[in-house]
1. Give the residue that is farthest from the other protein chains (Cβ to nearest Cβ), with candidates limited to residues of region A:45-80 that are part of a loop (DSSP other than H, G, I, E, B) and under 10 Å from the mean Cα position of the chain (by Cα).
2. Can you find a residue that is closer than 21 Å to B:Tyr248 by Cα, touching a residue at least 12 places away in the same chain (Cβ under 8 Å), in a loop (DSSP other than H, G, I, E, B) and of a type outside the set (A, V, I, L, M) anywhere in region B:202-209?
3. Considering (1) surrounded by 15 or more Cβ atoms within 10 Å (Cβ to Cβ); (2) away from every other protein chain (no Cβ under 14 Å), say which one B:Asp228 fails and leave the rest.
4. Residues being crowded, with 17+ Cβ neighbours inside 10 Å, in contact with a Leu (Cβ under 9 Å, 6 or more places away or on another chain) and either over 24 Å from B:Phe209 (Cβ atoms) or not hydrophobic (A, V, I, L, M, F, W, C) (or both): count how many of those fall in region A:23-57.
5. So which residues in region A:1-10 are over 15 Å from A:Ala71 (Cβ atoms) and within 7 Å of chain B (Cβ to nearest Cβ)?
6. Considering only residues that are buried (at least 23 other Cβ atoms within 10 Å of the Cβ), out of contact with any Lys or Arg (no Cβ under 7 Å at 6 or more places or on another chain) and under 19 Å from A:Ile40 (Cα atoms), which ones fall in region B:169-185?
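The values are calculated or read from the model by the stated rules, or taken from the named source; none is laboratory data. None of the values given here were measured: they were computed from a predicted structure. Quick reminder, even Gly has a Cβ in these numbers, built from the backbone with ideal geometry, and neighbours come from all protein chains shown.
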Amino acid sequence: MKIIYPSTNDDGEAILGQLIPAPKFLASLEGTEEEKLIHIANKDLPTGTKYEITDADLSDRTFRNAWEYTAGASEKTSADLSLDDQLKYNHITQQEYDDANGG
Amino acid sequence: MSTIKSSAENLTLNADGSGNDIKFQSNGVEKASISDAGLFTSTTIDATKLTGNLPAISGAALTGVGVDGITSSADATAINIDSSENVNIVNGGKYLRFAYNNSNSHSAFQGWKHLQFGNNGANYIIGGNTATGGSLKFVVNNTVEMSSDNANSHDGTVSLELRADGRATSQFTANAWVNFNGEGTVAIRDSHNCSSIYDEGSGDYYMNFSNNMANTDYAAFTSHYEGDRSSVVHTRAVGSVRVQHWQYAASGKYDAGHFYVLVFGD
């Protein structure tokens, strides 16, 4: 499973981006595989990025730079990780969590 | 010899009237007494004659107990030894201090010259409760007492910090690395402090950090397995580093089958 999202190359042309999760990071998360991938999308993709989770075979990269993203029925939008999740997965410290909560 | 005794019945000594004690004297000097409240007082008690259980006694009320070299002003349990001979420093205190060559034993910064553990070659586990983002810090050049609840109450340098997120951060340990396949089905073989990679076209990748770098002044290195190619660090950000793989002959970016990224810094 991977995440695909719309991006642009250095010339401003639309391309398809692939987000490949790190197995070790994936294993550190809780939930279903989809829930883990949503967590990674929220963490690594800029907030508001449209994306899809797919198991499509993208191994033939002959025309890789010509790939483009087309929205599908299961398209999602990346969001900010909650403070609770950031603390749970050690992206922030307890002190940073408390500070963010006005403590 | 004179004897006061009963014959097969209770013997009662009675100091009649409120507030009167029963007193025992030797050569005209009182040696023991039983007060009207039942308090037994004696100048000495021969412990070798005692049997049975002692009643619960507050440690604060004990004096002269223990061995030379050990003192305590605790008013609650600080150390216990269980039936398996485990010595436990129990909850209530904040610090386990080792003091050396200082009359003030609370000056923990003057620690023992050597802190040694020995267990016939077995491994040791040193850990803390890092579940809520705490870490284990190794501080050098500290000259002040770590006396507050703030773990940063030192004036030394944190040379190594083992963090709850799995990183060992220092100036001499890699903060992140990844080994991935950028050809065919793009996949990460192994990594540290890497949550994912972006594949943004042939030979164009981003490594996303599980935990961000403190700034963009870090040093990133990249390499590859294939010959006649070059690898470059394109852009550094606190959350990711963009790397590219180029082929000389084609003067273009090219997928890398074995691509490596290594990051040092804060």
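1. Quick first cut of region A:45-80, residues part of a loop (DSSP other than H, G, I, E, B) only: A:45-49, A:55-63, A:67-75, A:78-80.
From the residues that got through so far, the ones that are under 10 Å from the mean Cα position of the chain (by Cα) too are A:45-47, A:49, A:78-79.
Numbers: A:Leu45: 9, A:Pro46: 10, A:Thr47: 12, A:Thr49: 11, A:Ser78: 12, A:Ala79: 16 Å.
So the residue we want is A:Ala79.
2. yes
3. Unmet for B:Asp228, out of (1) surrounded by 15 or more Cβ atoms within 10 Å (Cβ to Cβ); (2) away from every other protein chain (no Cβ under 14 Å): (1).
4. Residues meeting the conditions: 6.
5. Going residue by residue through region A:1-10, those that are over 15 Å from A:Ala71 (Cβ atoms) are A:1-2, A:8-10.
Scanning region A:1-10 gives a single hit, A:Asn9.
6. Passing the criteria: B:Ala176, B:Val178.
Each row is one residue, and each column tells you yes or no for (1) within 7 Å of chain A (Cβ to nearest Cβ); (2) under 19 Å from A:Lys2 (Cα atoms); (3) of a type in the set (Ser, Thr, Tyr).
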{"position": "B:Cys194", "(1), (2), (3)": "yes, yes, no"}
{"position": "B:Phe209", "(1), (2), (3)": "no, yes, no"}
{"position": "B:Met213", "(1), (2), (3)": "no, no, no"}
{"position": "B:Ala219", "(1), (2), (3)": "no, no, no"}
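The rows are residues; the columns are (1) closer than 18 Å to B:Tyr206 by Cα; (2) within 10 Å of chain B (Cβ to nearest Cβ); (3) not in a helix (DSSP H, G or I).
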{"position": "A:Gly12", "(1), (2), (3)": "yes, no, yes"}
{"position": "A:Gly31", "(1), (2), (3)": "no, no, yes"}
{"position": "A:Glu35", "(1), (2), (3)": "no, no, no"}
{"position": "A:Ile38", "(1), (2), (3)": "no, no, no"}
{"position": "A:Lys43", "(1), (2), (3)": "yes, yes, no"}
